[in-house]
Amino acid sequence: MSAPGRAFLLPLFLIALACSQGGEAITQDPAPAAPPPKPAVLAVRAAGDLAVQIRESGFFRWGVPRLPGLKVEVGPRASGDAVVWVDALPASREVVDLVKGLPVELGPAIVLGGTRYGETGQAVALRIPEVAKPTWVVAGPPGEGLTNLADEVLFRVAAAMTGLRRGRRGAPLDVDYLLRETSWMQRSGKWARAADGGWTLDRAAERDDLAEWDRELQGMAEIRGERVVLCVPPAEKGRPELSRLAAELDRALSEMVPRVPVTLPSPVTLVIEPDYTTQGRHAGEIGEAVRGRRADLHLVYHPDDLPAYRYVLAGVLLDRAGIAGKLPPEIAHGAALWLSRDWYGKPYSDWLPLLAAARVLPEPEEILAREEPEDASNLLSTPTAAAVVDRLPGSTLKERLAHLPSATQVREILASFRSASEAPAAPVPKEETFLKGVSLAMLNSLEGGYHAPAVERQLDAFSRLGANAVSLMPFAFQPGADRPELRFLNRGPSSETDIGLIHAARAARARGIRVLWKPHVWVAGASWPGEIAMKSEADWAAWWRSYRRYVLHHALLARWAGADLFCVGVELSKTVGREAEWRDLIAAVRLIYPGPVTYAANWYGDLETVRFWDRLDLIGVDAYFPLAGKPGAGKADREQGARQVAERLGRAARRFGKPILLTEVGFAAKQEAWMEPHVEGGDYSEEDQAAAYEALLAALDHHPWLAGTFVWKAFSARGADSGREADFRFQGRKAEGVVRRYYQGEPRR
């Protein structure tokens, strides 16, 4: 029965009830409303700067707004239903008293079970046993290690209090102690009663990654040079390329040391890691070479990355000379490059005309800032900072950096770059091969990202499928559709890092697979890139500046990695009316990236309205065209709808005189997948997903205007199976067979 019907019958029922009581209406006082449930209170005992840092953490920015029924109090006397103490070493008297009786000391360093941990970045979380309310202590040296561990403990304690659990941070803390060096290098376990009645560590329940890594490191062989020591697995010691690497790095140090100058009382130690996943586990970050605790550098060897190794090696020299920590970050990066000289295939000075002509030089205030902005691109700014260092007075680096330049001085130096900048347009080779592509999204994890060995297994699977191309998709984050700021998501090992993209591109090229480099913008909340529009011209100017930096950052990366195509934007429907900005950006991209360039138009919003197709080489379309508009559509209806889609695309190709590239095309594994192809979720049906693919791919076959298709989507690593989620994955489902038949057929152009 409908709600209006129920509303009509209820008064009749009450009248009848009154009449049945002898004509006297029954009056009853309304029951008092139940008081709202009292919110659970999480107390965070922290003071001073540490309390400020906690309030700025991800838990407060992302967790608290999504945890209804939870109140959080922060302060040195905060109280609640659960308590988390956060304290910097040496711990306060209150915290020392709180952990008394546990096998831990929180003095100048952490001592856990008799082992001392005194490195910056190490922190420990301790559950206080046998107290009236859940109580944790998080302690460590001041810095990111302490605040990051506190952030995770707060997420997980709050999730346990509210019952809202989502992802790893929503999982309960099922240990009594957790000592962390990185997110993947930690020691954890349970308390146990000692013979004397006190507390000790339950060694049988303990996991100690740090001790295991120490044992592994002690078993490594050494390749020794005069100034460097490479630590390698014993079986790798005989590799001639590693001996050559040691000699090259020795030579680099002999050139750079007197230019600082700095003495090296001990050699620089480098651990040769087998892959970026292992590197990230040991060092907490990934890159061609990254800093470590047990060694100066952790390096994944690739012959093309010697300039990157020299650059990071120069950073070690800055630290040994006591210089790095005193400098603004960009100046420190520039000083290291001034020492090491080469940057992504060129002397750093050769990049300046291109960057100046592309109008992507950093501002003086950015070069001198003590903190990097969230849209910082070291890739673009470091050559400029190195050139600034080169213009400073002095012969050695210490002399040049004795007095930092003013913003006015830096502005004058940058102006000289701009006035001298002339750069020819790069050549554009014509792509003749029909692109049988897969949209390769990154699985955001250390073990499954673009950088991980798993991506190579996926690329092999695509080759067996018949694919000859993949799209790689980095992301920037925008906090709102009308917010002009972008945050580059290339910082942590679980995101689309620069080296991860480079690794995936190299692995694809080694298999003869072409690469489309396709930067995306992820908009917060329920919004999407097609809604991006600013409220003022000032905001538009700020957005374009940040977006330009983001795109040109990836244009340079795509050039270095040898990508075959580059996409300047994805479904930015409300920006395409700003034609001048788009034409200017495309011209800047062509200064840096030498291959074909496209834009990925939204199928609904901007395919026919884009006015800058003449500046691009292909018309890109994210092609989620409905094949039928009503439920129950049969095969003939789907095929007719697919033919209409092909006709529309053909008209666009003829109108603009460019080939069409379907930069995305796909259907979710849901019932009636052909009705709203851009929407996932609903009732699972891999049969309907396959039927939609069958209709559309058949209609697209053998059209001379079609340059290729990129099926949406697969991930950089596969789980055990695709599950029964109504999402866009096609691997392991019936749709995979449809795609295989299409891609393994005869050439389509």
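No lab work stands behind these numbers, since they all come straight from the coordinates. The model shown is predicted, which means the values in this text are computed figures rather than measured ones. Please note: Cβ atoms are built from the backbone with ideal geometry, for glycine as well, and neighbour counts cover all protein chains shown.
Take every Cα pair under 8 Å in segment 52-202 that's 6+ residues apart, average their separations, divide by the length, and report that relative contact order as a whole percent. Please list the in-between numbers first.
On the way: 249 pairs, mean separation 33.8, N = 151.
Relative contact order of segment 52-202: 22 percent.
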message = Taking every alpha carbon pair in the chain, what does the distance histogram look like in 10 angstrom bins from 0, in percent?
response = 2, 12, 19, 22, 20, 14, 7, 3, 1, 1, 0
key: Hull-based mean projected area of segment 435-743, where the convex hull spans the alpha carbons, in square nanometres   = 14.7 nm²
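Tally the DSSP beta bridges in segment 183-297 and give the antiparallel ones as a percent, rounded to 5.
For segment 183-297, the DSSP antiparallel bridge percentage is about 65.
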query = Asp350 versus Glu725, label points 7 Å from Cα toward the beta carbon: distance in nm?
reply = 4.5 nm
query = Once phi is turned into ³J(HN,Hα) by the Karplus curve 6.51 cos²θ - 1.76 cosθ + 1.60 with θ = phi - 60°, what whole-Hz value does each residue of segment 294-311 show in order, with x for glycine and proline?
reply = 7, 9, 5, 9, 10, 10, 9, 7, 8, x, 7, 9, 4, x, 5, 5, 5, 4
inquiry  = Restricted to Cα positions, what overall size does segment 526-675 have along the principal axes? Three whole-Å values, descending.
reply    = 49, 35, 29
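Run the numbers for Lys630 and Asp460: contour at 0.36 nm per residue of separation, minus the present Cα-Cα distance, in nm.
On the way: separation 170, 0.36 × 170 = 61.20 nm, distance 3.89 nm.
That works out to 57.3 nm of additional length.
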task = Would you be so kind as to identify which of Gly69, Ala123, Leu98 lies farthest towards the positive end of the dipole of segment 40-215, taking Lys and Arg as +1 and Asp and Glu as -1 on Cβ and the Cα centre as origin?
result = Gly69
inquiry  = I need to check one value: relative contact order of segment 219-322, counting alpha carbon pairs closer than 8 Å and at least 6 residues apart, in percent.
reply    = 24 percent
key: Neighbour-count ranking [beta-carbon atoms within 10 angstrom, fewest first] of Leu616, Leu662, Leu440   = Leu616, Leu662, Leu440
request  = Express the C-alpha Rg of segment 219-322 as a ratio against the empirical globular expectation 2.2 N^0.38 Å, rounded to two decimals.
outcome  = 0.99
task = Report the label-to-label distance for Arg391 and Glu579 in nanometres (one decimal), using points 7 Å from each Cα along the Cα→Cβ vector.
result = 3.7 nm
remark   = Here the Cα Rg-to-2.2 N^0.38 Å ratio for segment 559-608 is 1.21
request  = With runs of 4+ DSSP H residues as the only contributors, calculate the mean residue ellipticity of the chain at 222 nm using -39,500 (n - 2.57) per run, divided by the residue total and rounded to the nearest 500.
outcome  = -11500 deg cm²/dmol
key: Long pairs among Lys71/Lys133; Lys630/Lys713; Lys518/Lys630, criterion Cα-Cα beyond 23 Å   = Lys630/Lys713; Lys518/Lys630
request  = State the three equivalent ellipsoid semi-axes of segment 355-512, derived from the C-alpha gyration tensor as the square roots of 5 times its eigenvalues, in descending order and whole Å.
outcome  = 38, 20, 16
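In whole Å and largest first, what semi-axes does the C-alpha gyration tensor of segment 290-361 yield when each eigenvalue is scaled by 5 and square-rooted?
Values: eigenvalues 110, 58, 16 Å².
Over the Cα atoms of segment 290-361, the semi-axes work out to 23, 17, 9 Å.
As an exercise, identify the trypsin sites (Lys or Arg not before Pro) in segment 108-196 lying in DSSP coil whose Cβ has no more than 15 other Cβ atoms within 10 Å. Please list the in-between numbers first.
Working: sites: Arg116, Arg127, Arg156, Arg165, Arg166, Arg168, Arg169, Arg180, Arg187, Lys190, Arg193; in loops: Arg165, Arg166, Lys190.
When the trypsin sites (Lys or Arg not before Pro) of segment 108-196 are filtered for loop state and at most 15 Cβ neighbours within 10 Å, Arg165, Arg166 remain.
Looking at segment 643-749, which GluC sites (Glu not before Pro) are in a loop (DSSP not H, G, I, E or B) and have at most 15 other Cβ atoms within 10 Å?
The qualifying sites are Glu725.
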request  = Take the Cα coordinates of segment 329-423, assign each an equal point scatterer, and use the Debye formula without solvent to give log10 I(q)/I(0) at q = 0.15, 0.22 Å⁻¹.
outcome  = -0.52, -1.17
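For segment 40-215, how big is the tail of P(r) above 23 Å, as a whole percent of Cα pairs?
On the way: 5578 of 15400 pairs.
Tail of P(r) above 23 Å: 36 percent of Cα pairs.
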query = What order do you get for Cys231, Cys567 when you list them from fewest to most C-beta neighbours inside 10 Å?
reply = Cys231, Cys567
query = Across segment 60-73, in residue order, what do the Karplus-derived ³J(HN,Hα) couplings come to in whole Hz, using 6.51 cos²θ - 1.76 cosθ + 1.60 with θ = phi - 60° and x for Gly and Pro?
reply = 6, 6, 10, x, 4, x, 9, 10, x, x, 10, 10, 10, 10
query = Could you give the alpha-carbon Rg of segment 148-282 over 2.2 N^0.38 Å, rounded to two decimals?
reply = 1.52
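Could you work out how much longer the chain between Trp540 and Leu217 gets when fully extended? Use 0.36 nm per residue separation minus the Cα distance between them, nm to one decimal. Kindly include the intermediate steps, with their values, before the conclusion.
Details: separation 323, 0.36 × 323 = 116.28 nm, distance 5.20 nm.
My answer for the length gained is 111.1 nm.
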key: the chain, relative contact order [Cα under 8 Å, separation at least 6], %   = 7 percent
inquiry  = Cut-off is 10 Å between beta-carbons; in what order do Leu230, Leu50, Leu352 appear when sorted fewest neighbours first?
reply    = Leu50, Leu352, Leu230
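What's the magnitude of the charge dipole for segment 491-568 around its Cα centre, counting Lys and Arg as +1 and Asp and Glu as -1 at the beta-carbon? Answer in Debye, nearest 20. If you can, show how the numbers build up before the last one.
Values: 11 positive and 6 negative charges, 74 e Å.
Roughly 360 debye, rounded to the nearest 20.
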note = Under the 7 Å Cα-to-Cβ spin-label approximation, Arg244 and Ala698 lie apart by a distance in nanometres of 5.5 nm
message = So if I take the alpha carbon set of segment 636-749, get Rg, then get Rh from the Kirkwood formula, what is the Rg over Rh ratio?
response = 0.98
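GluC sites (Glu not before Pro), restricted to segment 116-202: which are DSSP loop and have at most 16 other Cβ atoms within 10 Å?
Details: sites: Glu119, Glu130, Glu144, Glu152, Glu181; in loops: Glu119, Glu130.
Filter output for segment 116-202: Glu119, Glu130.
Considering only DSSP beta bridges where both residues belong to the chain, give the percentage that are antiparallel (nearest 5).
Details: 36 of 95 bridges.
Antiparallel bridges: around 40 percent, rounded to the nearest 5.
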inquiry  = I want to verify the translational diffusion coefficient of segment 97-175 in µm²/s; compute it with Stokes-Einstein, Rh as the Kirkwood radius over Cα pairs, at 4 °C and 1.567 mPa s.
reply    = 96 µm²/s
